[in-house]
1. Kindly provide the set of residues from the range A:1-30 that are open to solvent by less than 90 Å² (accessible area, probe 1.4 Å), modelled with pLDDT of 90 or more, more than 19 Å from residue B:106 (Cβ to Cβ) and part of a helix (DSSP H, G or I), ordered by number.
2. Looking only at the range B:1-45, which residues are over 21 Å from residue A:55 (Cβ atoms) and either under 19 Å from the mean Cα position of the chain (by Cα) or within 8 Å of another protein chain (Cβ to nearest Cβ) (or both)?
3. Only one of (1) assigned to a helix (DSSP H, G or I); (2) out of contact with any Pro (no Cβ under 7 Å at 6 or more places or on another chain) is not met by residue A:85, so which one is it?
4. Suppose we filter B:35, B:3 for residues that are of a type in the set (S, T, N, Q), part of a helix (DSSP H, G or I), surrounded by fewer than 15 Cβ atoms within 10 Å (Cβ to Cβ) and modelled with pLDDT of 85 or more; which single one remains?
5. Kindly indicate whether residue A:126 is among the polar types (S, T, N, Q) and free of Cβ contacts under 8 Å to residues at least 24 places away in the same chain.
6. Does residue B:160 satisfy the condition of being at the interface with chain A (Cβ under 7 Å from one of its Cβ atoms), open to solvent by less than 70 Å² (accessible area, probe 1.4 Å) and aliphatic (A, V, I, L, M)?
7. For the condition open to solvent by 10 Å² or more (accessible area, probe 1.4 Å), assigned to a helix (DSSP H, G or I) and closer than 21 Å to residue A:157 by Cβ, what is the one hit in A:78, A:91?
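The values are calculated or read from the model by the stated rules, or taken from the named source; none is laboratory data. What you are looking at is a predicted structure, and each value in this text was computed from that prediction instead of being measured. Positions of Cβ are generated from backbone atoms using ideal geometry, with glycine treated the same way; all protein chains shown enter the neighbour counts. Calculation scope for accessible area: heavy atoms of the full protein, side chains included, ligands and nucleic acids excluded. Shrake-Rupley method; radii C 1.70, N 1.55, O 1.52, S 1.80 Å.
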Amino acid sequence: MFEILSELSRWAIPAILLVVPLIAVLRGVKVYETFVDGAEAGFATAVKTIPYLVAMLVAISVFRASGAMEVLVEVLSPALNAVGLPAEVLPHAIMRPLSGGAALGIASDIIKTYGPDSFLGRLVSTMQGSCDTTFYVLTLYFGSVGVKKYRYSVISGLVADLTTLAASVFIVQKVFGAGG
Amino acid sequence: MVNYVWLGMIVFGIIVAGARGDIETVTKAALDGANSAVKISIGLIAIITFWLGIMKLAEEAGLVRALAWLVRPAMRFLFPSVPKDHPAMGAMVMNLSANILGLGNAATPMGLIAMRELQKLNQGRDVASDAMCTFLALNTSCVTLIPTTIIGIRVLYGSADPTEIVGPTIMATAFSMAVAVVVDRVLRFFYNSRQQQGR
């Protein structure tokens, strides 16, 4: 199944780039002019996100570089160990909603250290694949339209991340067994 | 909430750095963070511009409306406050489809288009609308059918079966999406009733 999916994803963008303008032409759309017309807002949209991203990434960067994240990991690890989450993946779990790149770094480090086919390797692979960088998405999406008050969005995003974490531990144990 | 998280990360970070006698780190980290934020935004200009152009073509050709029509029942349930023929529906459908296909760099610009349309319905206020919150809940619990990057890393470190985690990933994603939708509805209920009490 994976071969089909990966082939599909390789073709998806070229196919869109081919099919969309073709259909548009057939329906009498002035393709070049319409494309340029739509693309015009691209610059403004990207620039508008700058202050929001700066605010968020400064905080995340300070939090991480100062060692505060390690303190948080240490404080939380007894509680999370009690519910069956291995301490080794905790830095990843905390970093995942904050920074996609950093989380990927931690994930590859765990995979390198324990092996991709170990329980920890499989667990962290699943965790990496199954959720998104909540704070980045919230900041970027809300920032692009100038929304400053996120209401309950941060909470629902984090609850979703926690759920993914718990589901990953449970599913990886069920599918592959806890050993390995 | 975002105010407290933001402040908390900075204050806690500075306290820890100070306690470790390593306060210079904070200055460097802050500027590094700002720097990478600008780099990300500048890097986004190219792909956002490209996808906004393609989106406009798809819209004019009637493709977005066709796709939105296909998944209308689900979208009506998830976003009752968005009129059924509003461009926001189409853009959200495109964003979620791009996520599902693992086209990370196509999903983001389409998400931004969706937000722009939702913001029109929100009449330009700086407070997130119900539909925006639901959309972001779905987005952050993100369905990815093909987690390509992590598969690449597994190949790199000699996994016997690099793609074996695809199944578990889809299951975990599906579960967290379902929870995200429920939590979104529950929090909306509490949030709205609290507001009506005038707090």
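1. Within the range A:1-30, just A:25 meets the criteria.
2. B:20, B:22
3. All conditions are met except number (1).
4. Values: B:3 fails: modelled with pLDDT of 85 or more.
Result of the check over B:35, B:3: B:35.
5. Details: among the polar types (S, T, N, Q): yes; free of Cβ contacts under 8 Å to residues at least 24 places away in the same chain: no.
So residue A:126 does not fit the description; no.
6. Details: at the interface with chain A (Cβ under 7 Å from one of its Cβ atoms): yes; open to solvent by less than 70 Å² (accessible area, probe 1.4 Å): no; aliphatic (A, V, I, L, M): yes.
Answer is no for this residue.
7. Values: A:78 fails: closer than 21 Å to residue A:157 by Cβ.
Within the list A:78, A:91, the selection yields A:91.
Yes/no per residue for (1) in contact with a helix residue (DSSP H, G or I) (Cβ under 8 Å, 6 or more places away or on another chain); (2) without any contact (Cβ under 8 Å) to a residue 40 or more places away in the chain; (3) on the phi > 0 side of the Ramachandran plot:
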position	(1), (2), (3)
A:112	no, yes, no
A:118	no, no, no
A:137	yes, yes, no
A:143	yes, no, no
A:154	yes, yes, no
